[in-house]
Amino acid sequence: MTAKQHKDWSLFRARKSTNISQEEFTMLCEMHAELFNHTFYKPCTCRPKEINKWISDINKVYDSLKTSENDNT
């Protein structure tokens, strides 16, 4: 996860809304493709289960970085 991705994901997680904007959806799809080495695509919004899984996947990467940062202090 790059520093920019980390910052973007921090802002994404800090928001209070349960809905995501088109801009956030694109960022989510781009980030997941980069982090998990697959072709960029946008899942159908009619399948929120896949989108929620992607959010969970990215959260795991994000949380593992936060954990390793704390271990190094």
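Every number here is computed from the coordinates shown, using simple stated rules; none is lab data. What you see is a predicted model, and the numbers here were worked out from it, not measured in a lab. Heads up, the Cβs are rebuilt from the backbone with ideal geometry, glycines too, and the neighbour counts pull from every protein chain shown.
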Practice problem: Provide the descending list of Cα extents for the chain along its principal axes, expressed in whole angstroms. | Solution: 43, 29, 20
Quiz item: What does the charge dipole of the chain about its Cα centre add up to, to the nearest 20 debye, if the Cβ of each Lys and Arg holds +1 and the Cβ of each Asp and Glu holds -1?
Solution: 260 debye
Self-check item: Whole-number percent relative contact order across the chain, with pairs defined as alpha carbons under 8 Å at least 6 apart
Solution: 29 percent
Quiz item: With the dipole of the chain worked out from charges on the C-beta (+1 for Lys and Arg, -1 for Asp and Glu) around the Cα centre, which of F36, N52, T18 lies farthest toward the positive end?
Solution: T18
Quiz item: In straight Cα distance, which lysines are under 20 Å from K4, not counting same-chain residues fewer than 8 positions off?
Solution: K60, K66
Self-check item: Value at 222 nm in deg cm²/dmol, rounded to 500, when DSSP H runs of n ≥ 4 in the chain each add -39,500 (n - 2.57)
Solution: -23000 deg cm²/dmol
